[in-house]
Amino acid sequence: MDYKRLIGDLIKEVINVDVYDSIEIPPDKNMGDFAFPCFKLAKELRKAPQMIAEDLKLKLSHESISKIEVVGAYLNFFINKSDFSRDILMHVLNNKDNYGSSKDGEGKTVIVEYSSPNIAKPFHIGHLFTTVVGNSLYRIHKSQGYDVVGINYLGDWGTQFGKLIYAYKNWIDLDALEKTPISELFRIYVKFHNEAEKDPFLEDEGRKYFKMLEDGDKECRELWEKFRSLSLLEFEKLYETLGVKFDSYDGEAFFSDKMDRAINEIESKGLLEESLGAMVVKLDEYNMPPCIIKKADGATIYATRDIAAALYRKDKYDFYKNIYVVGTPQALHFRQVFKTLELMGHSWAKDCIHVGFGLVKFKDKKLSSRKGEVILLEELLNMSVEKIREVIEEKNPTLKNKEEVSKKVGIGAIVFNYLKMNRERDIIFDFDEVLSFEGETGPYVQYTFARGKSILRKSGINIEEIDFSKYVSLLVDDNEISLIKSLGDFNNQIKASINSLEPSVITRYVIDVAKNFNKFYNSNHILNLEDENLKIARLILVYATTIVIKNALYLIGVETVDEM
């Protein structure tokens, strides 16, 4: 039962005002389970807030509300604990893996563009931010019934490929390319930029080769296709490791033959102007620099391709939301693109949303793919898995499936750390903190889940064969109620995550569930209870908690393990 809705409806029946959004959860449990601040009605009802509260108290009643108190201008509601426990836990237990899901988004298509690495470059730890944020937003929207399309908008077009073609023709080591293709392509890419610092003429060469690629030069096209296929093979290995999937790999190159439509439409609307040889859409009156559509040499630019891509996606998917998970430094670029789409007369431009994220720092270094100063994601994941394996060898050397557990916990720890805080905050890696089994970390939450599974195994009871309805009303202890409250809040947190496009809402939520569970576990006997009925009731609560933790971790792309 949605008790907030119940209270809102009871009040509405009396005063004919919808107060649902004003109902609060008091900071202190002694002040009730829900509270309504009556001063918000003072102007409308022309009464003193305390008088409104007193009047409402006399007129409100329901079998699921055990007590109503007036404290100043607040009306405090105390829920019948037995009913509360039964309603929430039966909802969890009846839905199991589907608990938290809804059909709110049915019939609406949401596009999530994420990951989008540049081909011919290794996948570094900066790429993981967009990948895990996008994957989480994909799963969260999917859980609410949206038709979600995950797009990996590969960086497979642009001047950098002209530079890479030049570098390939001049410095490639074919033996090294066969053994470690991405490393070798990355080596020559870095070499190009090092050499270009000594000889700026190379930049012109890079631009020349990209223009040749755009114009369909056979040799350039064959080399580009080679770069792309080699890159996808490596990316797919990492995506499989992370449990990340996409519905489309349509990258920038896919829109190379669709840009004329965008350019012609911009021009037909009278928006295209010449500026220093380039063709632009001027945005001065919106306090933005011009959106460049064609450079002076006639080559297109990121904005051209993004506009063409948005037009194509609207035609193909008729999206409800078109989400771009791209670093915060690109905020201006997307404002320019979205404003240009709006000026072109497309009202759906408002449905295009940039979801930014911060930088990833490690040992005070800022990542730079041009200088080669990168920390490769594969290396980071392997380090994390190895460190977790060392902990397991020390703490639980007889554990079965050590390799599998180390992998799930080690990778989960990294993903969890990326999604723990507001996505726009920078991440600074501290392995001691990330891999800790204490505090607000992935291993802490995963261990909490494993602890719950261990309790259920040790009980010797097949919990799924129990008639839950006979026992759940016995759970009225304060620690039990606090945990049950957190379990019941799952769907609200999912909706909050969608509204803010913030996976960290789910991450913070599952941390709170784990904390409430461990407080309950440390304060309440379970397996050694003499009261068999209460013992079974508490085991049911443990079982329900494992369901919610698993479902929440799935939404952020983290797997669970039954033993650690």
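What the table below lists for this structure:
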| item | result |
| --- | --- |
| The chain, relative contact order in percent, only Cα pairs under 8 angstrom and at least six apart counted | 16 percent |
| Cα centroid of segment 394-427 to Cα centroid of segment 223-256, whole Å | 25 Å |
| J(HN,Hα) series, segment 349-358, from Karplus relation 6.51 cos²θ - 1.76 cosθ + 1.60, nearest Hz, glycine and proline x | 4, 5, 8, 8, 10, 8, 9, x, 8, x |
| For V149, residues with placed amide H under 5 Å, excluding near neighbours | V110, I111, V112 |
| Burial ranking of peptide ranges 50-62, 322-334, 525-537 (average Cβ count within 10 Å, highest at the top) | 322-334, 50-62, 525-537 |
| Ratio of the Cα radius of gyration of the chain to 2.2 N^0.38 Å, where N counts its residues | 1.16 |
| Share, in percent, of DSSP beta bridges within the chain that are antiparallel, nearest 5 | 60 percent |
| For I427, distant residues with modelled amide H under 5 Å away | L359, V360, K361 |
| Karplus (6.51, -1.76, 1.60) ³J(HN,Hα), θ = phi - 60°, over segment 326-332, in Hz, Gly and Pro reported as x | 9, x, 4, x, 8, 4, 4 |
| Protection proxy ranking of 456-469, 284-297, 204-217, 545-558 - average other beta-carbon atoms within 10 Å, highest first | 545-558, 204-217, 284-297, 456-469 |
| Other-chain or far-sequence residues with amide H under 5 Å of H354's (modelled H) | Y324 |
| Centre separation in Å (Cα based) which lies between segment 449-464 and segment 82-145 | 27 Å |
| Whichever lysines have a C-alpha closer than 16 Å to that of K208, once near sequence neighbours (fewer than 8 apart) are set aside | K163, K169, K218, K294, K295 |
| Reachable lysines, given that their alpha-carbon falls under 25 Å from the alpha-carbon of K103 and they are not under 8 places away in the same chain | K4, K142, K245, K314, K316, K321, K350, K485, K495, K550 |
| Expected 222 nm ellipticity per residue - DSSP helices of 4 or more, -39500 (n - 2.57), all of the chain, to 500 | -17500 deg cm²/dmol |
| Spatially proximal aspartates and glutamates relative to K59 (Cα-Cα < 18 Å; intrachain offsets below 8 disregarded) | D9, E13, D18, E69 |
| Hz values of 3J(HN,Hα) by residue in segment 66-83 - Karplus curve (6.51, -1.76, 1.60), Gly and Pro given as x | 7, 7, 10, 10, 9, 10, x, 8, 9, 9, 9, 10, 10, 7, 4, 5, 4, 4 |
| Relative packing of 498-508, 237-247, 392-402, which averages over residues the other C-beta atoms within 10 Å, highest first | 498-508, 237-247, 392-402 |
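Every number in this text was worked out from the coordinates using simple rules, so none of it is lab data. In this text, all values refer to a predicted model and were calculated from it rather than measured experimentally. Note: ideal-geometry Cβ built from the backbone for every residue, glycine included; neighbour counts use all protein chains shown.
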